[in-house]
1. Show me, for region 103-115, the HN-Hα J-couplings you get by feeding each phi into the Karplus relation (A = 6.51, B = -1.76, C = 1.60, θ = phi - 60°), rounded to Hz, glycine and proline as x.
2. In nm, to one decimal, how far is the Asp284 label point from the Arg98 one, both placed 7 Å along Cα→Cβ?
3. Among the complete DSSP H segments of the chain, which ones combine at least 24 Å of alpha-carbon extent along their axis with a mean Kyte-Doolittle hydropathy of -0.5 or more?
4. Over region 120-254, what is the relative contact order in percent, taking alpha-carbon pairs closer than 8 angstrom and at least six residues apart?
5. Report the extension gain between Asp267 and Arg217 in nm, rounded to one decimal, defined as 0.36 nm multiplied by the number of residues separating them, less their alpha carbon distance.
6. Leaving ligands, DNA and RNA out of it, report the carbon-plus-sulfur percent of the accessible area of the chain at a 1.4 Å probe.
7. With contacts defined as alpha carbon pairs under 8 Å and 6 or more residues apart, what's the relative contact order of the chain in percent?
8. Using a Gaussian network for the chain with springs between C-alpha atoms less than 10 Å apart, which of these wobbles most: Ile213, Ile201, Ile257?
Amino acid sequence: MQEAGITQRDCDVPVIGGGRGLQGGLHCLTQRVIETSTAHTVLGGAALPDAPGTPGWPEQRLRMAVEGSTDASWREAWCTDGPLQQGHADGLQWRCDRDLLYGLIELDEPAPDAPERGKHLRERTREAYLRLFALLGERGMPHLWRVWNFMAGINLDEDGLERYRWFNLGRHDACSAVGAASAAQMPAASALGWARGPLSIAFLAGRTPPRPIENPRQVSAFHYPGDYGPRPPLFARAALAESGRDEWLFVSGTASIVGHQTVHTGDVVAQCEETARNVLTVLDQANRATRTAGHRPEALRHRVYVRHAADFSAVRRALERCLGGAGLTLVQADICRHDLLVEVESVAHGSLLA
Ligand code: 3EB
C-alpha cells in the first residue's frame, strides 16, 4: 500500500483543545453558528465559493454556481468533542479525534490538452484512495462513512472512455487492493463534476463500521452491469453510523434511476419526483435498520446538484413539494450520467434509543 505521506510530526501535534463534551460525539453546524469559540471542535466540512474566510480545518470548497435563494455564505462543519489531532501533506489534509476522522485530498490533473488524461485520472483516483486508506489505517479509523467525490469534466470522453468511468476504474483499483470492495464496506457517497478544479475527495471515517443501506427500487451501484463502465461505482445507497448518543443517516447522491436505468430523460420535474421517491424509499429502508425511534422525512437536510442553472427554480419547486422545503441547498454541477439532470444527497441524525 502506498504511503499516506504523513510525517510523525504532523500526527503528534495535539493541536486543538477539547470541546464542550456535552453533546457527545459528532454534530454538524452550519455557517452562522461557527465562531471562534467552536472552531476548535471542527473536524472538517464544506463551503460554497462565497463563504467568508479560510478556516484551519479541511474544507471542501464547492467550486460551483449557487442558486439565488440558497444562502451563498453557506458552510457546514462536522464537529466533535476533541481533543483533535491534525496533519497535512501533499494535497491531503485531515483532522481527527478518538473516534472520527475528516479528510480532504485534492490532486491536480494534467492540462486539458495533455495526452492520456483518462489514464491519469484513473491513476490519480487510485493514488488518492490508497492514501486515504493508508491514513485511515494509521489513525485506527478503518471505516469509511461518507465520501464526496468531485472532478472536472466528469462527462467528457478521454481516450475513448468517459472520465467518470476512468474515475470508477481508479476507485475500484484502490478498493480491491486494500480489500474494501465488498458490499458490507460500502460508504455513502456522491460523485459530481465541476467545470474546472482538481480531483477533490472529502471523507468522513470512524472507528466503528457504518451499516450500509440499499434501495429495493434500484440495482445496487456496485452491481451495475458493464453498460455503465468497465468497473462499477462503489458506494451504498445510504449509511447509518453511530456516534455518542446519536445515529447519523447519510443518504448518497440519489437520482432518477430505476433498476439501473435513467428514467425521465429530458424532463427535470419528473426526474425530481423520481429522485424524491428514491430518497424516501432509502429513508424507509434505513428506518428498518435504525436504532432511533425513526428518521422523519422533514428532518432530512438536502444538498441538490442541478445540471442546468436554468432549472434551479423548477427543481426547488418540485423538491419542496416532494421532500419538504427545509434545508435545500442548490448548486450547479454535472451529474455522473449525461442524461441525469438532478441529484440529491441528504443527511439526518437522531437519538439512539436507550
Ligand atoms: C447513481 O445512482 C447516480 O460514483 O460515488 C450517486 C452517488 C452516483 C454516488 C459515486 C454516483 C456515486 O448511480 C450517481
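The values are calculated or read from the model by the stated rules, or taken from the named source; none is laboratory data. Predicted model only: the values in this text are computed from it and were never measured. Cβ coordinates were reconstructed from backbone atoms using ideal geometry, including for glycine residues, and neighbour counts include every protein chain displayed. Just so you know, the surface numbers come from the protein's heavy atoms only, side chains and all, with ligands and any DNA or RNA stripped out. Shrake-Rupley method; radii C 1.70, N 1.55, O 1.52, S 1.80 Å.
1. In residue order, the calculated couplings are x, 9, 10, 10, 10, 6, 10, x, 3, x, 9, 5, x Hz.
2. 4.0 nm
3. Sorted by number, the helices that extend far enough and score high enough are 268-289.
4. 30 percent
5. Taking 0.36 nm per residue and subtracting the Cα distance, the gain is 16.0 nm.
6. Carbon and sulfur atoms account for 51 percent of the accessible area of the chain.
7. 16 percent
8. Result for the chain, Cα springs under 10 Å: Ile257 fluctuates most.
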